[in-house]
Amino acid sequence: MYAEKFLSQVISWRREIHSHPELSQHEEKTAALAANVLEGLGLEVSRNVGGFGVVGLLRGNEPGKTVGLRADMDALPLNEETGLDYASKTPGVMHACGHDTHTAILLGAACALSEIREKIRGNVKFIFQPAEEMNPIGGAPGMIRDGVLENPNVDGIFSLHVWPVFETGKIAIRSGSCMAASDRIYITVNGKTAHGSRPDQGNDAVVAAANVITGLQSIISRRISPLDPAVITIATIHGGYRYNVIADCVKLEGTVRTVNPETQAIMPELITKTAKGIAESLGCSCDVEYVKGYPPLTNDSKLAGIAVEAVRKIYGEESVIIADQPELGGEDFAFFARERPAFMAWLGCRPSNIPADDFPKLHNKTFCPDENCFAYGIDYLVQSALDFLNAE
């Protein structure tokens with residue numbers, strides 16, 4: 001529909017970005033590519049917004065509201081193992097979360113909307129955001145501080161994320177809670193060293209830490225409602241010196257995911273009391289640092305309705321998936337959603353002939369979205385923007 005004329009160019013842009021991935025706060029070349037394309041379309045372009053952020057403003061032919069369309073640009077610190085001709089040329093850095101695709105799709109939407117600007121009532125802001133992967137800070141707050149939602153005021157903002165759970169041709173919509181808060185915990189268990197043959201003469205930080213890890217899971221199973229999605233994951237353990245020395249210090253690091261703001265608010269106290277109590281019962285002490293990261297992402301119900309109708313209009317009912325539960329991944333688009341009505345859709349990007357269990361997941365060294373999904377993403381963003389601007 002809208003995408004067809006620009007699709008080959010969008011694929012080329014995406015492959016160029018994929019070949020030269022840049023980590024959070026280092027998106028210089030990606031930002032320059034986006035800015036140059038937008039300037040070539042005759043848009044008002046702002047560079048270095050909240051870091052390497054880029055904003056392109058398209059003013060329609062008639063006055064009206066302003067809609068924002070947002071994509072993220074940063075890559076991940078992974079060594080790519082896709083074997084693609086256009087694989088990353090930067091060792092240790094890879095677009096494993098689809099941000100290269102998001103950026104290229106948004107550039108395609110900018111091309112399509114620029115061609116029909118005389119029919120647009122209002123304005124469109126194309127927001128290319130850096131540092132989405134830089135939890136707990138993120139890149140959205142910096143852009144917000146630099147005024148990305150002002151001059152003109154953004155009345156609503158749409159985004160999308162490639163999602164390999166769903167096959168190409170499907171766009172998943174969820175109103176309300178969409179993605180989780182993404183917090184971090186750092187726990188240090190302190191004990192007393194002794195010879196491995198005489199544990200009674202020390203206070204074993206390894207045993208205490210092991211009990212802390214197990215005990216934290218009782219928070220999810222017994223202190224949080226089973227109808228309230230939440231996760232506590234301890235992902236790293238560091239401690240000990242030698243096979244026959246009782247360790248006096250073990251450091252744990254992990255993440256906490258919640259979709260309910262009230263649940264997020266009580267987690268620091270629950271985790272601190274549980275960890276300290278278990279450690280102290282075993283003769284050790286415990287320090288807990290809880291760092292709040294991205295807030296939960298809540299999709300605006302009115303924008304969700306616009307998104308559903310946009311997909312139905314361009315691709316029919318068969319392309320719409322109404323998601324029945326949130327995902328517990330974190331997304332700093334949530335910072336935009338705290339400031340303005342916002343909506344994120346999940347764009348299917350898995351070939352239909354590959355089962356979901358066999359297709360690489362996000363943040364995987366072999367992840368590569370199906371390029372056939374690009375057209376669906378472009379058309380979805382364009383139609384959603386137009387319908388938002390034309391809605392009473």
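A short reminder: the numbers here are calculations on the coordinates, not readings from a lab. This one's a predicted model, so the numbers in the text were calculated from it and none came from an experiment. Glycine gets a Cβ as well: all are built from the backbone with ideal geometry, and neighbour counts include every protein chain shown.
Need one number: the % of Cα-Cα pairs in segment 1-61 sitting beyond the 19 Å mark. Result for the distance tail: 40 percent. Axis of helix 261-281 versus longest Cα principal axis of the chain: the two differ by about 20°, to the nearest ten degrees. In plain terms, the residue of Leu106, Leu381 with the fewest other Cβ atoms within 10 Å comes first and the most crowded comes last, giving Leu106, Leu381. Using a Debye calculation, one point per C-alpha and no hydration shell, please list log10 I(q)/I(0) for segment 46-204 at q = 0.09 Å⁻¹ in order. Log10 of I(q)/I(0), two decimals: -0.45. Taking 28 Å as the straight-line reach from the Cα of Lys302, the lysines in range (excluding those fewer than 8 positions away in the same chain) are Lys65, Lys119, Lys125, Lys170, Lys313.
For the chain, the list of Cys residues with no other Cys C-beta under 4.7 Å reads Cys97, Cys111, Cys178, Cys249, Cys284, Cys286, Cys368.
Here is the list for segment 181-272: trypsin sites (Lys or Arg not before Pro) lying in DSSP coil, each with at most 15 other C-beta atoms within 10 angstrom of its C-beta, are Arg242. Computed over every Cα-Cα pair of segment 293-392 and binned at 10 Å starting from 0, the pair-distance distribution P(r) comes out as 13, 39, 38, 10, 0 percent. Taking the square roots of 5 times each eigenvalue of the Cα gyration tensor of segment 181-294, largest first, gives ellipsoid semi-axes of 29, 13, 10 Å. When the GluC sites (Glu not before Pro) in segment 132-182 are filtered for DSSP coil states and for at most 12 other beta-carbon atoms within 10 Å of their beta-carbon, the remaining sites are Glu150. Could you work out how far helix 374-390 tilts from the main Cα principal axis of the chain, as a 0 to 90 degree angle to the nearest 10? Computed tilt is about 70 degrees. Working from the Cα coordinates of segment 267-316, the gyration tensor eigenvalues give, after taking √(5λ), semi-axes of 48, 10, 8 Å in decreasing order.
Cβ-to-Cβ counts within 10 Å put Leu84, Leu113 in ascending order as Leu84, Leu113, the fewest first. Between helix 99-115 and the chain, what is the angle of the helix's C-alpha long axis to the longest principal axis, kept within 0 to 90° and rounded to the nearest 10? With both axes taken from Cα atoms, the answer is about 20 degrees.
Among Ala265, Ala87, Ala205, determine the one that fluctuates most according to a GNM of the chain built with springs between C-alpha atoms less than 10 Å apart. Its mean-square fluctuation being the largest, the pick is Ala265.
Shape index of segment 334-392: Rg/Rh, with Rg the Cα radius of gyration and Rh the Kirkwood radius from the inverse mean 1/r over Cα pairs, equals 1.09.
Working note: Cα gyration tensor of segment 1-107, eigenvalues times five, square-rooted, sorted largest first, giving semi-axes of 27, 16, 11 Å. Note on segment 241-334: Cα Rg divided by 2.2 N^0.38 Å, N the number of residues, gives 1.75. Given only helices, namely DSSP H runs of n ≥ 4 each adding -39500 (n - 2.57), what is the per-residue ellipticity at 222 nm of the chain, to the nearest 500 deg cm²/dmol? It comes out at -10000 deg cm²/dmol, rounded to the nearest 500. Quick one: Debye curve from the C-alpha atoms of the chain, no solvent, what's log10 I(q)/I(0) at q = 0.11 Å⁻¹? Values returned for q = 0.11 Å⁻¹ are -0.80.
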